[in-house]
Amino acid sequence: MIRHRMAALIAILMTAVPWWSLGAHAQSLVRCGPFTSDVIAAPEPRVARWPVGEFEKINEAVKTQPYRVLFFGDSLTERFDEEVWHQNMMPRYVLNAGVSGDRTEHLLWRFQHGNLDGPPPAVVVVLIGTNDVGAGRMPEDVAEGIRADLQYLRRHLPNAGILLLGLWPRDEWPDARYRRATVAVNQLIRTCGDNGAVVYADIGGVLLDPAGRLDPAISPDHLHVTGAGYARLAPRLDRLIDRLLAGR
């Protein structure tokens, strides 16, 4: 009788709380989310020649060169102004691991297929999600994709400090569609920061004028950033990276 009652109780619990959600919460390695119950995009490779070539270059670089910091992202990372990079990132031994066009699921696939296979870095910088926004995804789904990337990093690089950057402003004015979407994503992912293993920083405001406008001199297409924009961002990145490198 007791055995039957226990079996019935377990059946009720398993119906009320799916077994996979129990495992997901037990294994959570970041403090935030889940942000949605939607099924987010599965890890997926890029197939065009350019992103495949960049992915392979990063795989080679992490295995053959001594980088202390890996800076992952999309075109906003890959197209970082060269002069500013040489002045600010190179002295800190930062690898530019950006691939133009990447979304959160593409970055996760890269993590799983070699971009983390070298000596463990001291710090990982993550700036990803603006292409998810551009694809029309809901902010909650974008945030959950970012959270999946963080979970993988925490699991596979438990001793690395993670700098999670908020999405940089898009569109010229604050009330425009993509600007509102990036703000909504940032409001969610900021909760992933714990000022320990994961440090969240929203530094994109330095790209805006006092009225909140993204000036064409800083971002001609209201997405990508000119050298003048990267020069504004670099001092803040320097301080954040130095903070995470300290003691590691």
Report summary line: Those residues of segment 122-132 that are in contact with a Lys or Arg (Cβ under 8 Å, 6 or more places away or on another chain) and buried (at least 24 other Cβ atoms within 10 Å of the Cβ) come to a total of 5
Query raised in the report: Of the residues Arg236, Arg232, which is charged (D, E, K, R), within 28 Å of Pro91 (Cβ to Cβ) and under 18 Å from the mean Cα position of the chain (by Cα)?
Result: Arg236
Query - Matching residues in segment 163-211 - criterion: being under 17 Å from the mean Cα position of the chain (by Cα) and of a type in the set (Gly, Ala, Ser) - result: Gly166, Ala181, Ala184, Gly193, Gly196, Ala197, Ala201, Gly204
Requested in this report: Looking at (1) surrounded by 12 or more Cβ atoms within 10 Å (Cβ to Cβ); (2) modelled with pLDDT of 95 or more; (3) within 30 Å of Leu240 (Cα to Cα), find the lone condition where Ser28 falls short.
Outcome: (2)
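Residue by residue, here is whether (1) among the small types (Gly, Ala, Ser); (2) touching a Phe, Trp or Tyr at 6+ places or on another chain (Cβ under 9 Å); (3) buried (at least 18 other Cβ atoms within 10 Å of the Cβ); (4) modelled with pLDDT of 95 or more holds:
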site	(1), (2), (3), (4)
Tyr200	no, no, yes, yes
Leu208	no, no, yes, yes
Asp221	no, no, no, yes
His224	no, no, no, yes
Ala228	yes, no, no, yes
Ala231	yes, no, no, yes
Report summary line: The condition from (1) outside any loop (DSSP other than H, G, I, E, B); (2) within 18 Å of the chain's Cα centre (by Cα) that Ser100 misses is numbered (1)
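The values are calculated or read from the model by the stated rules, or taken from the named source; none is laboratory data. Everything numeric in this text was worked out from a predicted model, so none of it was measured. In this analysis, Cβ positions are derived from the backbone assuming ideal geometry, glycine residues included, and neighbour counts consider all displayed protein chains.
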